[in-house]
Amino acid sequence: MENGAPTAKSVIVAIDGPSGTGKSSTSKAVAAQLGLSYLDTGAQYRAITWWMVSNGIDLEDPTAIAAVAGKPEIISGTDPAAPTITVDGIDVAGPIRTQEVTSKVSAVSAVPEVRSRITELQRSLASGAEYGMVVEGRDIGTTVLPDADLKIFLTASPEARAARRSGELKGADIHATREALIKRDAADSSRKTSPLAKAGDAVEVDTTELTLAQVIECVVTLVEEKRAGK
Ligand SMILES: Nc1ncnc2c1ncn2[C@@H]1O[C@H](COP(=O)(O)OP(=O)(O)OP(=O)(O)O)[C@@H](O)[C@H]1O
Ligand SMILES: Nc1ccn([C@@H]2O[C@H](COP(=O)(O)O)[C@@H](O)[C@H]2O)c(=O)n1
């Protein structure tokens with residue numbers, strides 16, 4: 001307690017789910033609203049994939065990927081109002097969103113040496129967040145932060161997710177977008193090391209029929225209830 005006023009206890013929130021379910025948009029808004037830090041773990045896997053592509057690593061060869069997994073220096077800025085990501089000092093926020101990186105990231109993120117490297121970074125950032133952090137990804141509740149105070153698993157129908165993504169990628173074919181989402185989820189769910197999965201103690205929120213504002217409100221309420229010890 002400071003100046004007689006109660007201070008909110010630090011809180012760690014894990015938000016997982018398949019692609020396009022609204023993890024990033026929800027996590028950023030919840031973190032901003034509650035004064036927490038924010039970590040986009042997908043951006044970290046995209047960043048290491050970008051580095052591998054830029055350095056001509058054979059992404060069909062998991063041994064080649066594993067051999068260089070420790071080389072790039074990846075730094076994530078965790079302010080939800082302006083999250084950043086650099087690789088060896090280069091701002092890669094734009095390049096990590098290209099179709100090339102998106103189509104290759106699942107192969108890189110399936111390699112155990114890549115996962116242990118990135119998981120270590122994630123745990124270190126979460127433990128250093130003074131007021132707590134909203135961490136979003138695929139394996140946060142199951143593997144990275146199994147002791148998180150609150151775990152959320154977002155879902156939505158493939159049709160809703162494809163429509164959201166096609167709205168972002170102007171002119172993109174909705175059927176091709178749907179197939180690409182399903183393919184990436186299948187790869188992420190079937191890998192051996194920490195696959196995309198709902199933690200047993202996660203709260204599942206189906207966002208198909210909800211607006212983004214409704215999802216944010218739902219998660220903020222869950223965090224507040226958790227903080228109040230309900
Ligand atoms: N409930 C919602 N209703 C409508 N649009 C939404 C909703 N939630 C998110 N969106 C929109 O869907 C798109 C994808 O959302 P977002 O990037 O947050 O998903 P994601 O789960 O983080 O995806 P990925 O894992 O692929 O990075 C964004 O354009 C976002 O504004
Ligand atoms: N905890 C995580 C987060 C992400 N990945 C991999 O990164 C890819 C990109 O994620 P986006 O959220 O930016 O779409 C994703 O498809 C996974 O391959 C992961 O493995 N674990």
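The values are calculated or read from the model by the stated rules, or taken from the named source; none is laboratory data. Source: prediction; values computed, not measured. Here Cβ is always computed from backbone atoms with ideal geometry, including for glycine, and neighbour counts include all displayed protein chains.
Assorted remarks:
- Flag for residue 33 being modelled with pLDDT under 95 and either closer than 26 Å to residue 11 by Cβ or out of contact with any Ser or Thr (no Cβ under 6 Å at 6 or more places or on another chain) (or both): no
- Hits in the range 190-230 (condition: assigned to a helix (DSSP H, G or I) and surrounded by fewer than 13 Cβ atoms within 10 Å (Cβ to Cβ)): 190, 213, 214, 221, 225
- Test: residue 117 is among the charged types (D, E, K, R) and touching a residue at least 40 places away in the same chain (Cβ under 8 Å): yes
- For the range 165-180, filtered to residues that are touching a helix residue (DSSP H, G or I) at 6+ places or on another chain (Cβ under 7 Å) and assigned to a helix (DSSP H, G or I), the residue that is modelled with the lowest pLDDT is 166.
- Picking from residues in the range 95-120 that are among the polar types (S, T, N, Q) and either touching an Asp or Glu at 6+ places or on another chain (Cβ under 9 Å) or more than 16 Å from ligand 1 (Cβ to nearest atom) (or both), the one that is farthest from residue 25 (Cα to Cα) is 116.
- Given (1) basic (Lys, Arg); (2) more than 10 Å from ligand 1 (Cβ to nearest atom); (3) closer than 19 Å to residue 105 by Cβ, number of the condition residue 123 does not satisfy: (3)
- When 32, 67 are checked against the criterion of being under 14 Å from residue 132 (Cα atoms), free of Cβ contacts under 8 Å to residues at least 60 places away in the same chain and aliphatic (A, V, I, L, M), a single residue qualifies: 32.
- Within the range 134-161, if we keep just the residues that are outside any loop (DSSP other than H, G, I, E, B) and of a type in the set (Ser, Thr, Tyr), the residue that is farthest from residue 191 (Cα to Cα) turns out to be 155.
- Some residue of the range 135-143 being free of Cβ contacts under 8 Å to residues at least 12 places away in the same chain, out of contact with any Cys (no Cβ under 8 Å at 6 or more places or on another chain) and of a type outside the set (A, V, I, L, M, F, W, C): no
- Residues located in the range 165-189, provided they are in contact (Cβ under 8 Å) with a residue 40 or more places away in the chain and surrounded by 18 or more Cβ atoms within 10 Å (Cβ to Cβ): 180, 181, 184, 185, 188
- Checked against the criterion of being farther than 21 Å from residue 190 by Cα, among the β-branched types (Val, Ile, Thr) and either within 15 Å of ligand 1 (Cβ to nearest atom) or modelled with pLDDT of 95 or more (or both), the candidates 86, 41, 49, 63 yield just one match: 86.
- Residue check: residue 147 meets all listed conditions (1) surrounded by fewer than 18 Cβ atoms within 10 Å (Cβ to Cβ); (2) over 30 Å from residue 226 (Cβ atoms) but one, namely (2).
- Evaluation of residue 160 against (1) within 13 Å of ligand 1 (Cβ to nearest atom); (2) more than 18 Å from residue 25 (Cα to Cα) (one fails), failing number: (2)
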